[in-house]
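To start, the structure itself, in structure tokens.
FYI, it's all coordinate maths here, none of it is from the lab. If you're wondering where the values come from, they're calculated on a predicted model, not measured in any experiment. Note that each Cβ is placed from the backbone with ideal geometry, even for glycine, and that neighbours are counted across all protein chains shown.
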Amino acid sequence: MLAAMDARIWLTGEGGAPRSVALPPGRTVVGRDPEAGLRIDDEAVSWNHLEIENRGGVLMATDLDSRNGTALNGEPLDRPRRLRDGDTLTIGGQRLEVSDPVPGRAGGTVAAAAPSVALNEEERATAAALVAPYRSEGAFAGRPATRAEIAAELHISERTAQRRLDALATKLEIRGDAGRDRPRLIAARVIELGLDRS
């Protein structure tokens with residue numbers, strides 16, 4: 001169930017495949033130190049570069065006076081900051097994307113009674129295929145399924161998969177001008193509302 005799902009960091013380095021690391025309760029130090037909770041082999045990363053604390057379901061990031069600094073969504077991380085689902089930390093040549101599938105935890109300001117969105121069988125199947133990479137235990141995909149992957153999973157054409165994604169976006173009030181982020185935004189909303197669950 002949703003409550004059992006951990007917040008995760010999807011780490012992408014220069015030329016490397018993304019990998020997923022769970023953020024257990026407590027402190028996770030990110031750095032080159034072999035004892036770090038998330039070890040990164042990159043000379044631009046300090047020995048103890050960054051701390052991510054998971055306390056009471058709230059994720060906080062603190063730069064540990066690193067040599068080259070940390071950026072949060074492109075801005076310098078100059079004080080402890082709360083992390084939200086989809087936030088991106090950059091340290092050295094590494095990109096760390098926060099994935100927190102529990103509604104209201106990292107997002108903070110989710111309404112207590114989120115409006116229910118009714119999906120038909122086709123829309124639910126499309127939603128489930130879209131978020132499948134996030135739901136796979138030990139998966140290395142820090143992204144939603146591609147249109148081709150959805151088409152293959154549901155045995156439909158890519159054009160039909162795109163039409164279904166467009167319909168989902170409309171129903172979930174995801175703006176059409178979101179561009180390349182649109183599939184990720186749709187997936188985040190599907191997970192937040194549990195729409196891929198029957």
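Within segment 55-76, is there a residue that is closer than 28 Å to LEU185 by Cα, of a type outside the set (Gly, Ala, Ser) and either in contact (Cβ under 8 Å) with a residue 60 or more places away in the chain or in a loop (DSSP other than H, G, I, E, B) (or both)? Checked segment 55-76: at least one residue is closer than 28 Å to LEU185 by Cα, of a type outside the set (Gly, Ala, Ser) and either in contact (Cβ under 8 Å) with a residue 60 or more places away in the chain or in a loop (DSSP other than H, G, I, E, B) (or both). GLY86 falls short on exactly one of the conditions (1) more than 17 Å from ARG143 (Cβ to Cβ); (2) not in a strand (DSSP E or B), and that condition is (1). Among the residues making up segment 78-93, a single one is without any contact (Cβ under 8 Å) to a residue 24 or more places away in the chain, in contact with a Leu (Cβ under 8 Å, 6 or more places away or on another chain) and over 20 Å from ARG184 (Cβ atoms): ARG81.
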